[in-house]
Amino acid sequence: MMYHIFSINSRRINSRRLFIIAAIFVVMALRPTIAAAHQTPNTLVFLDASPNRIALELQMPLSELELAFGNDISKNPETLIKRFEPQLKEYLRAHMHAYLKKSAPWEVKIEALRMDKGKYIENGMDYWEVIANVAIIPQPGESTRKFMLDYDVIIHQVINHAALVSIRSDWETGNLSPTADAMVISRNTKDNVIYPLEINLQQGSWFKGFNSMLALGMQHIKEGTDHLLFLIVLLLPATLLINGRQWGKFGGTKYSILRLLKIVTSFTIGHSMTLLIGALGWLRLPAQPVEILIAFSILVSAVHAIKPIFPGKEMYVAAGFGLIHGLAFASILANLKLSAGTMALSILGFNLGIELMQLFVVLITIPWLILLSQTPLYKYVRIGGAIISGIVAMAWILERAAQTPNFVSMFVNKMAEQAHWAIVILAVLALISILLKKRIAHSPGLNT
């Protein structure tokens with residue numbers, strides 16, 4: 001095979017390449033809908049870059065792969081991987097190479113193969129594709145920032161096939177979402193050669209990578225309405241004493257702060273444990289039941305805020321449900337396909353970001369809860385907040401179980417961006433209640 005650099009910036013572009021480039025931007029525009037599958041006749045290659053390895057996800061249309069691989073693999077696609085996994089891995093390794101120097105090729109590992117099924121939007125017909133997860137390990141001392149990708153899967157047999165390559169994430173530059181730029185690997189129609197593609201990434205650093213993970217953790221909590229709602233609802237009765245089977249009066253500032261800190265710390269310990277375990281791949285659960293359990297944790301906390309169902313054991317409940325919330329956090333990191341060392345640093349940064357944002361929210365909430373707890377108005381704030389949270393939790397449970405939004409969940413999603421006003425309202429109510437309480441205390445006529 002001849003070796004030469006080919007990219008979409010080439011000055012000499014024929015009509016076929018123009019068509020492919022146009023297809024790339026359509027594919028990138030539809031990126032949210034092709035997260036699990038695509039509808040193009042070409043292969044999609046998503047690249048995740050980190051300091052010690054390059055991860056590739058190949059999405060190969062089964063009909064095109066069959067033309068190159070043979071063996072009538074389109075028959076019974078559900079069992080394809082079981083029947084041909086060793087042969088498919090060998091085929092991919094034979095047609096995919098990476099190197100900085102041609103004489104010192106990098107290691108290529110086919111880590112996983114699976115089948116995916118989708119439907120064409122135009123006609124509703126089913127289609128299948130093969131998803132391959134590939135790890136590329138550089139030679140010692142060589143950087144993942146620049147290398148040659150010699151790739152001709154399917155293309156070596158199907159002359160009009162192309163691989164559309166996009167950078168999905170780049171840890172060292174802090175870019176953790178797909179870029180708008182894309183590259184093409186295809187057969188050069190003038191000389192009938194498939195040229196290797198040069199991957200030349202921006203220079204980054206470990207500091208940028210760590211900082212991006214810290215920011216990602218903060219952003220995840222900022223946008224994670226369900227995580228924050230669980231914690232805040234669990235804190236609602238934490239300032240109160242138990243009076244039989246009911247919530248009693250304010251327990252005092254010291255009592256309240258200690259209980260609040262215990263609950264927050266327990267939740268932190270719980271989600272930190274499963275964040276570590278899940279991100280390292282030691283435990284994986286399907287996303288749907290995890291999300292349903294998170295909504296259920298809010299419902300349980302809401303009931304407890306109305307009437308104590310586990311008095312004095314809030315810290316254990318926070319830790320237990322924290323384990324579930326941590327699994328949701330872990331899925332964010334697991335999807336980045338990082339090496340062990342980079343993953344460890346990412347877990348530290350991501351968890352630190354979660355804790356900083358969580359601490360910020362708690363600090364701007366706790367003072368008003370303590371002030372309101374000393375007034376008669378707090379009973380209505382606590383119960384009203386718990387009822388609203390319970391309704392939201394049930395809407396989320398239904399939405400996540402049926403995988404279909406409902407009017408309550410859609411309304412909450414729209415209002416989530418205005419959540420900061422809830423803290424403002426809480427602060428205003430607290431200040432008004434305290435002022436009224438002082439006025440009553442200093443007005444003899446009102447006390448008689």
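The values are calculated or read from the model by the stated rules, or taken from the named source; none is laboratory data. Bear in mind the structure is a predicted one, so any value in this text is a computation, not a measurement. Please note: Cβ atoms are built from the backbone with ideal geometry, for glycine as well, and neighbour counts cover all protein chains shown.
Tabulated values for the structure
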{"quantity": "Residue count, segment 206-250 (criterion: touching a residue at least 40 places away in the same chain (Cβ under 8 Å) and touching a strand residue (DSSP E or B) at 6+ places or on another chain (Cβ under 9 Å))", "calculated": "8"}
{"quantity": "Of all residues making up segment 48-72, the number that are small (Gly, Ala, Ser) and either part of a strand (DSSP E or B) or not assigned by TED's automatic domain parsing to the domain that holds Leu88 (or both)", "calculated": "3"}
{"quantity": "Set Val108, Val158, Val165, Val134: member being free of Cβ contacts under 8 Å to residues at least 40 places away in the same chain and within 30 Å of Thr189 (Cβ to Cβ)", "calculated": "Val108"}
{"quantity": "Selection status of Pro308, assigned to a helix (DSSP H, G or I) and either in the same structural domain as Ile232 (by TED's automatic domain parsing) or farther than 30 Å from Arg259 by Cα (or both)", "calculated": "no"}
{"quantity": "Only listed residue being assigned by TED's automatic domain parsing to the domain that holds Asn42, touching a strand residue (DSSP E or B) at 6+ places or on another chain (Cβ under 6 Å) and over 29 Å from Thr144 (Cα atoms), chosen from Pro105, Pro77", "calculated": "Pro77"}
{"quantity": "Selected residue [loosely packed, with under 12 Cβ neighbours inside 10 Å and under 23 Å from the mean Cα position of the chain (by Cα)] from Ala393, Ala402, Ala419", "calculated": "Ala402"}
{"quantity": "For Lys75: the one exception among (1) basic (Lys, Arg); (2) under 31 Å from the mean Cα position of the chain (by Cα); (3) under 21 Å from Gln157 (Cα atoms)", "calculated": "(2)"}
{"quantity": "Hits in segment 179-227 (condition: among the aliphatic types (A, V, I, L, M) and more than 16 Å from the chain's Cα centre (by Cα))", "calculated": "Ala180, Ala182, Met183, Val184, Ile185, Val193, Ile194, Leu197, Ile199, Leu201"}
{"quantity": "Failed item, numbered, when Gln288 is tested on (1) at pLDDT 90 or above; (2) surrounded by fewer than 20 Cβ atoms within 10 Å (Cβ to Cβ); (3) out of contact with any strand residue (DSSP E or B) (no Cβ under 9 Å at 6 or more places or on another chain)", "calculated": "(1)"}
{"quantity": "Qualifying strands (runs of 3 or more DSSP E) (wholly inside segment 73-186; at least 3 residues being crowded, with 18+ Cβ neighbours inside 10 Å and β-branched (Val, Ile, Thr))", "calculated": "126-137"}
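Matching residues to (1) in a loop (DSSP other than H, G, I, E, B); (2) of a type in the set (D, E, K, R); (3) out of contact with any helix residue (DSSP H, G or I) (no Cβ under 8 Å at 6 or more places or on another chain):
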| site | (1), (2), (3) |
| --- | --- |
| Leu261 | no, no, yes |
| Thr265 | no, no, no |
| Thr274 | no, no, no |
| Ile292 | no, no, no |
| Phe321 | no, no, no |
| Asn351 | no, no, no |
| Glu355 | no, yes, no |
| Leu371 | no, no, no |
